Every structure is written in structure tokens, then in C-alpha cells.
Amino acid sequence: MPLLDVKDLTKNFGGLAAVSDVTMHLDNNELVALIGPNGAGKTTLFNLLTGVIIPSEGTVSLQTDKGLQVLNKQKPYKIAAEGMARTFQNIRLFKDLTVEENVLIAMTDKNKEGFLESIFRLPSFYKKEAALHQQVVELLSIFKMENQLTTLARNLPYGAQRRLEIVRALATKPKILFLDEPAAGMNPEETADLTRLIQQIQSEFHITVLLIEHDMSLVMNLAERIYVLEYGKLIAEGTPKEIQGNQRVINAYLGGGD
Amino acid sequence: MKKNLKYNAIWLAIAILGYVLIYALEMVGVIDQFAETTLVLIGINIILATSLNLVIGFSGQFSLGHAGFMALGAYSSALVTSAIPSVGGFLLGLLVGMIVAGIVALVVGIPTLRLNGDYLAIATMGVAEIIRIILNNLKITNGPAGLYNIPMLANWSTVYVLVVITTLIIVNFVHSRNGRAVMSVREDEIAAESIGINTTKYKIIAFVLGAAIASIGGALHANYIQTINPTDFGIMESINILIIVVLGGIGSITGTFVAAFLLGILDMILQNFGTLRMVLYSLALILIMVFKPSGLLGTWEFSVRRLFTHKKAKGDAE
Ligand SMILES: Nc1ncnc2c1ncn2[C@@H]1O[C@H](COP(=O)(O)OP(=O)(O)OP(=O)(O)O)[C@@H](O)[C@H]1O
Ligand SMILES: [Mg+2]
């Protein structure tokens, strides 16, 4: 039984089938990559899976504590609460809030602080805030960002902003983490760091990762399985070795397909 | 934990000191009746503008109908205290006003807070206008003539205490789980939803809390001025409250205080200039918009904690 089961997922933007008939699955604790040329529909697929846009057709179902749940047509915040977390291709941090606040907000659901408790600043409020603070520090220290708690997100260097977005997603304690081009705009050194980090996340948090990435060396190093998207359609699926030797994939990337 | 206690004690000391200061100035005659009225109006404006700032500055929703909620508070309190002219009646009036304003905000907020920016401003403006028209036509509110001889149950100290309490509620709210979620909605709704924040819910929470606090400002207005009528709560009043927020800095409670004081004092000085007052008012606003679009203080806040940690950090460096 797969953790995430996607059947015949389709999204039409007017006449354009940005994602068409995609059937795929993710298993527990897997690291899977999603690749494809520019405009292939990768980000659109992420948006469909996380509820940001509603599919024209098809279903997305997730194995949860309450059994198999159909996620599509649910609000994004509900899908997130079920354990699907993501980052964005164009970083979307809470820019005018601090690093700590960015992470704390992702813990809103786990934080049982009451309205009156916080208005009246009862001792229990301070206790809960202190416990949360501790968790934030622990999480940030994995990413070596524990010294930037009070920095505004907008003032972080680019690479740190990408990392913070990953921390924020992890703070929701997800089952699946969707990363949309996490290495985009990074230098080789930062990319190498990120590669190690993704491996570390996956083994430490025991979660499934679906990764969109154009950096082929990163993909081939990390992924256990790869899906290839072209013009909205899945054209191949397999291990890095299989994908490297797949003629359709080579054509798609060399543009010799048509 | 001990530190928190210390900061809270300092805030309490500042609040008491402010009270004693006004009290002393009143005793020695520096603050006369006229100055006292100015202070009271400034205090009421602080309550109205901080509550609007919660909605505009912290949840990022542009509301143009704050006077409507003020009106609900004013009429609730006026009616209750006219029937029960005592401190207990005033407290009951406050409570009734907060509940009425809160419920109206909830009913209005659920459909309208799904709208974005401009539509929301127009919708909230419409709601305030509907409230005004209803007050203008009901028998119990005495129609266009309004209510008069409302018992004077609010004085400067009532206003002072309520300014302190409402500011505390807003500031504590902002720096809590719910308040942070509200700010995430302002920052980026899509990102907020992606980490499990029900954005509509938090917009509504801020809107309802803002409305309930605005009703307190209305109640104080009614029980201090002693006469109210529907024209007091028109679009101009909503705009006046908005001006304070924009001038002080959208998202800065400290800025709202500063702006409310500046405008209150400007108002007092310009008292005898009649219509010229509005021209100067508008001019001040235009100048701010041109030279400092983020308001006098931007999003800066005064903080006792920072004051102390700053000093300590400096001390360590030396
Ligand atoms: N909201 C939208 N409305 C209309 N068309 C859209 C919308 N979003 C995406 N598209 C189109 O859908 C197609 C797929 O876009 P998408 O962003 O998913 O590609 P991608 O694989 O993520 O590309 P890249 O590698 O450049 O990020 C593109 O042709 C894009 O122009
Ligand atoms: Mg993309």
C-alpha cells in the first residue's frame, strides 16, 4: 500500500493541459525525484498535490492514521495538516518576521496555547512558549541556523532563505516533504551542502521526499526513483540508471523528441 | 521566567507612572477641562486606532468600516447605562457592545474576508453604512436625533485604564500563537496555508477582536460626550481612525499612540481654524505619504525587553 497514491491527475489551463493523466505513487521513507524540461508541469503537479490549485480530473489519496484519505478538493491547510509539506520554487517566506517566528508559525497546530492564556500571560503561557522556543532552536541547529533566531527572514542570504523554508516545512512534522528546486540559484558548494542535508533529513525524520530538480548530478546522487515529466505527461519512471539510459528522456532533454 | 516578570513589572510601572503624572498635572491645574477633554479623545482614538491596526497592520486586511463597530459599542452602552446608570451598568454596557460588535463582525467577516483588498474595503464600508442607516431608522435608537443625556460614567481615568487594558490585549495577542498566525496571513497567504494555517479563520479572529475593541472606544465616547447620533459614526469617522493608523505606521502600535497624540494636539491647536483644520490635516497626511509612506514609525515598536538586552549587550562589549 503506497503512502501517496495519485491517479489520472489532470489540470487544464484553458486549452493547455499543464498536467495530464499523471499516475504515480510514493512509498514510505522514499526519496523520489521529479524531473523534466522547463514548463513540463512539475510545479503545477506540486500545486495539485498540495491543494493550491484544484485538479480538473483525477484523485490524490494519502495513507493517514484514519486510513486512506482522498485529498483533492480539500483546502491546502487541511492537506498540510494531513502531513504534506512543501517549499516553493520562488521562495515564499514570511519576510518581515524573524527566523524564529517563521518556524513557530509552522507549529501553530501543535501549539496548544489558549487565547485567554496568552492574553493574560498566565505562567502556563510562558512555559509553553519556552518549550516551543526549545524545539525551534533544536530544529534550526540541524541546519546551523540557531544563531539567526532574531534575524528577519528578508535579511538572510539566499541559501539560508532556502534552508529556512525547508526548516519551516519540517516544523509541521510532515509525512511527505515536497521540495521545488531547492538548489536553484545555489553555488556548487551550497548544492553539495544541501545534498547532504536532504539525505540527513530523510534518515533522521523518516519521511518521504519528492524533489523537483534540474541539477542532474544532485538528482542522480540522491534519488532512489525518478519520474520524468514532459508536456504534462509522465514519459518515464525508474531508477537513476534506468532513466539515464532511457531514449525518450534523452530525447526530451536534447529537444530531439519532435 | 524571572525576566518576564521583570519586563511585565516595568510595563506596569510605566502605566502607573503615566496615571500619577496626569493626576498630578490635573491637581496643580496644568491640565484644565479643555486639556482633559483632549486627552480623553486621544485615549478613545488610541483604542479605536490600535484595534483597526490589528486588522490592517497585523492581519493585512483593509477595512474601511471601523466606525460601524464603534457605533455598536456607543449605542449599546448608551442604552444599557440609560437604563442602569451605574458603574455596573457601564461594565454591562461594555460587554453588550463587545458581544454585539463581535457577532456583527463574525457574520460580516465570514463572507467578506474571502474577498481580497479593494473588495474588502468596499464591503466593510458598506457594512458600516448599513449599521448607520439602521441606527438612523430604529425607534429604540431614537432615529436621526440620536441619544442624549447619557449618564457620564466615563472620565479620564476610565479611559486611561481601558487604553492600558486594550493595548495589553492587542500586544499580548500579537505576540502569541494566534497573533503570529494572523501575521503569517499578512505576509503570504499561500505559504501560510502550506504549513497548515487556516487563513480565513485567522482573518476572522483578528477582525472580530478588532471590532470588539472598537466597540469599547464607542462606549467610552458615548459615556463621556453624553450625546450620540448616527452622523457621529459615518465614513468620515472611519477615515479619521484610518488616518491615525496610516500616519503612525501600519503595523506599529507605538506609532498609533504617537499619531493619536500628534493629531489630538494638532486638533486642539487648530480648534479655532474651522475648515482650515481639515486642510492642514489632509496636508499633513499627504506629506507623510510622500516622504514616509510607511508612516512615522513604520513597523517599529518600543520594547522594554530590547532596551534592556541592548544595554547589556553594549555593557558586555566594553
Ligand atoms: N496559473 C496558470 N495559468 C495558466 N497557465 C499556467 C499556470 N501555471 C502554469 N501554467 C503553465 O503550465 C505549464 C507548466 O508550468 P509549470 O510551472 O508547472 O512548469 P515547471 O515544470 O515547473 O517548469 P520550470 O522547470 O520552469 O519550473 C507552463 O506552460 C505554464 O506556462
Ligand atoms: Mg517549476
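Only beta bridges with both residues in the protein assembly as shown are counted; by DSSP, about 60 percent of them are antiparallel.
Stretching A:PHE120 away from A:GLN74 to a fully extended chain increases their span by 13.0 nm, per 0.36 nm per residue minus the current alpha-carbon distance. Taking other C-beta atoms within 10 angstrom as a stand-in for reagent exposure, A:LYS66, A:LYS173, A:LYS42 fall in the order A:LYS66, A:LYS173, A:LYS42, fewest first.
What is the distance in Å between the Cα centroid of region B:99-141 and that of region B:235-279? The two parts, judged by their Cα centres, are 23 Å apart. Ordering A:ALA160, B:ILE150, B:ILE56 by Cα displacement along the dipole of the protein assembly as shown toward the positive end leaves B:ILE150 in first place; charges were set at the Cβ atoms of Lys, Arg (+1) and Asp, Glu (-1).
Summed over qualifying helices (DSSP H, 4 residues or more, each -39500 (n - 2.57)) and divided by its residue number, chain A shows a 222 nm mean residue ellipticity of -11000 deg cm²/dmol. Fewest-first ordering of A:LYS175, A:LYS78 by other beta carbons within 10 Å of each residue's beta carbon gives A:LYS78, A:LYS175. Using Cβ point charges alone (K and R +1, D and E -1), the dipole size of region A:94-197 about the Cα centre works out to roughly 280 debye. Each Lys and Arg contributes +1 and each Asp and Glu -1, all at the Cβ; summed about the Cα centre of chain B, the dipole is approximately 820 debye. For the protein assembly as shown, the Cβ-based charge dipole about the Cα centre amounts to some 960 debye (Lys, Arg positive; Asp, Glu negative; other atoms uncharged).
Site pair A:THR98 and A:HIS206 shows an inter-label distance of 3.3 nm when each label is modelled 7 Å from Cα along Cα→Cβ.
Once you have a ≥ b ≥ c as the square roots of the Cα gyration tensor eigenvalues for region A:49-118, tell me rounded if a/c is under 1.5, and otherwise prolate or oblate according to whether a/b is larger than b/c. Cα axes put region A:49-118 in the oblate bin. Considering only A:ALA130, A:ALA223, A:ALA40, the Gaussian network model of chain A with Cα springs below 10 Å gives its largest mean-square fluctuation to A:ALA130.
Under a Gaussian network description of chain A, with springs only between Cα atoms under 10 Å, the residue in A:THR195, A:THR108, A:THR98 that fluctuates furthest is A:THR108.
Residues A:HIS206, A:HIS25, ranked from the fewest to the most other C-beta atoms within 10 Å, line up as A:HIS206, A:HIS25. Which shape class applies to the protein assembly as shown: rounded if a/c is under 1.5, otherwise prolate when a/b exceeds b/c and oblate if not, where a ≥ b ≥ c are the square roots of the Cα gyration tensor eigenvalues? Prolate is the answer for the protein assembly as shown, as a/c is 1.5 or above and a/b outweighs b/c. Which of rounded, prolate or oblate describes region A:93-172 when judged by the alpha-carbon gyration tensor and an a/c cut-off of 1.5? It comes out prolate by the Cα gyration axes.
Readers should treat all values here as calculations from the given coordinates under stated rules, not as data from a laboratory. The shown structure was predicted, so the numbers you read here are calculated from the model rather than taken from an experiment. Cβ atoms come from the backbone with ideal geometry, glycine included; neighbour counts cover every protein chain shown.
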